[in-house]
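Enquirer: Got a structure here, written out as structure tokens. Questions coming.
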Amino acid sequence: MTAPLSNDLRLRVVLAIENGLSRRAAAVKFDVSVASAVRWHRRYKRTGSVEPDAVGGDRHSHRVEAHAARVLGWIDAQRDLTLVEIADRLAEEGHVFAPATIWRLLDRHNYTVNKRLLMPANRSVTM
């Protein structure tokens, strides 16, 4: 994804529009898209600023983080709890999350899964 255009350019386009130039003419003059000129001018009228919004970042983890203490408590009480079981418990309370979402929650809190399948004893190698 590209970086937003400079605030200086945005402000010059908006000021040109404010001084009577049409949005299309301002876009041509400053070599930006008409849609950008319209959006910047609308933003300036609404907020008084031409600053771009933040780009990227996590906007969804706060939903599952609200249940973090409870989920971590369940795991401390029962170490062999699976991701699907945790998702089912949350779903019973009306909070639907995919197991992958719960895994990312646990990863953020440095919980690791160290499960091994039961294997038959090996006579030649000590386990």
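The values are calculated or read from the model by the stated rules, or taken from the named source; none is laboratory data. Since the structure is predicted, the reported quantities are computational estimates derived from the model, not experimental observations. Positions of Cβ are backbone-derived with ideal geometry, glycine not excepted, and every protein chain shown enters the neighbour counts.
Enquirer: Residue by residue through region 76-85, note down the ones that are of a type in the set (Ser, Thr, Tyr) and part of a helix (DSSP H, G or I).
Expert: Kept after step one, since they are of a type in the set (Ser, Thr, Tyr), are these residues of region 76-85: 82.
Hits for region 76-85: nothing passes.
Enquirer: Identify all residues within region 96-109 that are of a type outside the set (A, V, I, L, M, F, W, C) and not in a helix (DSSP H, G or I); write none if there are none.
Expert: Within region 96-109, the first condition is being of a type outside the set (A, V, I, L, M, F, W, C), and the residues that meet it are 99, 101, 104, 107-109.
His109, the sole residue that qualifies.
Enquirer: Of all residues in region 44-75, count the ones that are surrounded by 10 or more Cβ atoms within 10 Å (Cβ to Cβ), in a helix (DSSP H, G or I) and over 23 Å from the mean Cα position of the chain (by Cα).
Expert: Looking only at that region, the number is 5.
Enquirer: Take the residues in region 6-17 that are out of contact with any His (no Cβ under 8 Å at 6 or more places or on another chain) and either in contact (Cβ under 8 Å) with a residue 40 or more places away in the chain or part of a helix (DSSP H, G or I) (or both); name whichever of them is surrounded by the most Cβ atoms within 10 Å (Cβ to Cβ). Quick ask: steps written out before the conclusion?
Expert: We begin by selecting, within region 6-17, every residue out of contact with any His (no Cβ under 8 Å at 6 or more places or on another chain); these are 6-12, 15-16.
Subset that is either in contact (Cβ under 8 Å) with a residue 40 or more places away in the chain or part of a helix (DSSP H, G or I) (or both): 7-12, 15-16.
Working: Asn7: 13, Asp8: 9, Leu9: 16, Arg10: 24, Leu11: 15, Arg12: 17, Leu15: 14, Ala16: 19.
If we take residues in region 6-17 being out of contact with any His (no Cβ under 8 Å at 6 or more places or on another chain) and either in contact (Cβ under 8 Å) with a residue 40 or more places away in the chain or part of a helix (DSSP H, G or I) (or both), then Arg10 is surrounded by the most Cβ atoms within 10 Å (Cβ to Cβ).
Enquirer: Tell me which residues, restricted to region 93-127, are of a type in the set (S, T, N, Q) and at pLDDT 85 or above.
Expert: Initially, region 93-127 is screened for residues of a type in the set (S, T, N, Q), giving 101, 110, 112, 114, 122, 124, 126.
Of everything in region 93-127, those that are of a type in the set (S, T, N, Q) and at pLDDT 85 or above turn out to be Thr101, Asn110.
Enquirer: From the list Glu51, Glu65, exactly one residue is acidic (Asp, Glu) and within 30 Å of Phe97 (Cβ to Cβ). Which is it? So that I can check it myself, show each step before the final result.
Expert: Working: Glu51 fails: within 30 Å of Phe97 (Cβ to Cβ).
Exactly one of Glu51, Glu65 is acidic (Asp, Glu) and within 30 Å of Phe97 (Cβ to Cβ), namely Glu65.
Enquirer: Kindly check whether there is at least one residue in region 86-95 that is part of a loop (DSSP other than H, G, I, E, B) and over 27 Å from the mean Cα position of the chain (by Cα).
Expert: Filtering region 86-95 down to residues part of a loop (DSSP other than H, G, I, E, B) leaves 93-95.
Adding the requirement that they be over 27 Å from the mean Cα position of the chain (by Cα) leaves none.
No, region 86-95 has no match at all.
Enquirer: Please go through region 23-43 and pick out each residue that is hydroxyl-bearing (Ser, Thr, Tyr) and either within 12 Å of Arg12 (Cβ to Cβ) or not in a helix (DSSP H, G or I) (or both). Quick ask: steps written out before the conclusion?
Expert: Initial filter on region 23-43 (hydroxyl-bearing (Ser, Thr, Tyr)): 33, 36.
Ser33 - this is the single residue of region 23-43 that is hydroxyl-bearing (Ser, Thr, Tyr) and either within 12 Å of Arg12 (Cβ to Cβ) or not in a helix (DSSP H, G or I) (or both).
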